[in-house]
Amino acid sequence: MIGPLVRRAEWLRERGDAVECPVCGRRFRRFRPAWNRPDAICWRCGAHERHRAVALFWRAHPELLASASSLLHFAPEWNFRFQRPPHVRYVTADLDRGKAELALDIRAIDLPDRAFDAVICSHVLEHVDRDGDALAELRRILAPEGWALLMVPQDLARAATYEDAALTAPEQRRDAYWQDDHVRLYGRDFPDRVRAAAFTVESVAMSEVLGPAATRRHGLNPGDLIHLCRPIPS
């Protein structure tokens, strides 16, 4: 674990104005490299590319949070920070007790129908063996006028999601799915899988919305797609 003195020394060493983190607002000469890629992590707040993309998405769409009175966040990451209006009831959930306020299995959510106006579920579904059940449950607990913000790791060079139940060894899954705790690798068909659960889907790449200059400045990954999903009326 990095101590506060080491962290502060890193901030001083990396100070500059080439990149800016929209999560914490700090500027540096570059972002911290991750184990598998350069320019990935904010030196101050630890935000990755996807966290920075969502922070910029909130700026562009303040009406989403303004329209919700309740928001359920699965597997909450501290870096998904946002200015929550005072009227929004924010609840966190995770499969593991102790990691969030509610212990919930996303495949069988122990909540009533239409329980929340909004859901955030980022980098969760690739860990879930029955993602169709999970998507159906997210649809069930959303209010008719609600929305869900979904993100997953996607190989955009792959048309169809790759999933093989025979791949159980950690090294097999790491090679096939990018991480040993993933159970599939989503392709460009991820929105179709969500639509099959009775959602409309708008897929947003903030790198395309903002252009090359902002993409470089905020350290965005063109492969990070934000899927804004709304339940189709029954």
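The values are calculated or read from the model by the stated rules, or taken from the named source; none is laboratory data. Keep in mind it's a predicted model, so treat the numbers as computed, not measured. All Cβ positions, glycine included, derive from the backbone under ideal geometry; neighbour counts span all protein chains shown.
Among the candidates ARG158, ARG107, ARG139, ARG130, single out the residue that is closer than 23 Å to PHE190 by Cβ, outside the structural domain of SER207 (by TED's automatic domain parsing) and either charged (D, E, K, R) or under 19 Å from the mean Cα position of the chain (by Cα) (or both).
Answer to the selection: ARG158.
When the residues of the range 199-211 are filtered to those that are without any contact (Cβ under 8 Å) to a residue 60 or more places away in the chain and either more than 16 Å from TRP58 (Cα to Cα) or not assigned by TED's automatic domain parsing to the domain that holds VAL124 (or both), which remaining residue is surrounded by the most Cβ atoms within 10 Å (Cβ to Cβ)?
VAL201
Say whether the condition of being in contact with a Leu (Cβ under 7 Å, 6 or more places away or on another chain) and more than 30 Å from GLY25 (Cα to Cα) is met by at least one residue in the range 221-231.
Here is the first cut: in the range 221-231, the residues in contact with a Leu (Cβ under 7 Å, 6 or more places away or on another chain) are 223, 226-229, 231.
Narrowing the set further to residues that are more than 30 Å from GLY25 (Cα to Cα) leaves 231.
Checking the range 221-231: at least one residue is in contact with a Leu (Cβ under 7 Å, 6 or more places away or on another chain) and more than 30 Å from GLY25 (Cα to Cα).
Out of the residues in the range 154-163 that are free of Cβ contacts under 8 Å to residues at least 40 places away in the same chain and in contact with a helix residue (DSSP H, G or I) (Cβ under 9 Å, 6 or more places away or on another chain), state the one that is surrounded by the most Cβ atoms within 10 Å (Cβ to Cβ).
THR161
Does any residue of the range 59-68 turn out to be hydroxyl-bearing (Ser, Thr, Tyr) and in contact (Cβ under 8 Å) with a residue 24 or more places away in the chain?
Taking every residue of the range 59-68 in turn, at least one turns out to be hydroxyl-bearing (Ser, Thr, Tyr) and in contact (Cβ under 8 Å) with a residue 24 or more places away in the chain.
Go through (1) surrounded by 21 or more Cβ atoms within 10 Å (Cβ to Cβ); (2) more than 22 Å from PRO76 (Cα to Cα) one by one and return the number of the condition ALA166 breaks.
(1)
Looking at ALA115, ALA108, ALA55, ALA103, which one is aliphatic (A, V, I, L, M) and loosely packed, with under 13 Cβ neighbours inside 10 Å?
ALA108
Among the residues of the range 216-233, write down those that are under 20 Å from ALA157 (Cα atoms), surrounded by 17 or more Cβ atoms within 10 Å (Cβ to Cβ) and not hydrophobic (A, V, I, L, M, F, W, C).
Once the filter is applied, which keeps residues that are under 20 Å from ALA157 (Cα atoms), surrounded by 17 or more Cβ atoms within 10 Å (Cβ to Cβ) and not hydrophobic (A, V, I, L, M, F, W, C), the range 216-233 yields ASN221, ASP224, HIS227.
Of all residues in the range 103-118 being aliphatic (A, V, I, L, M) and in a loop (DSSP other than H, G, I, E, B), which is nearest to GLN179 (Cα to Cα)?
Ranking the candidates gives ILE106 first.
Considering only residues that are buried (at least 16 other Cβ atoms within 10 Å of the Cβ) and among the aromatic types (Phe, Trp, Tyr), which ones fall in the range 169-194?
TYR177, TYR186, PHE190 - these are the residues of the range 169-194 that are buried (at least 16 other Cβ atoms within 10 Å of the Cβ) and among the aromatic types (Phe, Trp, Tyr).
Given (1) in a strand (DSSP E or B); (2) small (Gly, Ala, Ser); (3) in contact (Cβ under 8 Å) with a residue 24 or more places away in the chain, where does ALA100 come up short, assuming only one miss?
Here ALA100 meets the rest and fails (1).
Scanning for something on the phi > 0 side of the Ramachandran plot and either surrounded by 14 or more Cβ atoms within 10 Å (Cβ to Cβ) or touching a residue at least 60 places away in the same chain (Cβ under 8 Å) (or both), does the range 120-136 turn up at least one residue?
Here is the first cut: in the range 120-136, the residues on the phi > 0 side of the Ramachandran plot are 123.
Okay, now just the ones that are also either surrounded by 14 or more Cβ atoms within 10 Å (Cβ to Cβ) or touching a residue at least 60 places away in the same chain (Cβ under 8 Å) (or both), so 123.
Among the residues of the range 120-136, at least one is on the phi > 0 side of the Ramachandran plot and either surrounded by 14 or more Cβ atoms within 10 Å (Cβ to Cβ) or touching a residue at least 60 places away in the same chain (Cβ under 8 Å) (or both), which makes the answer yes.
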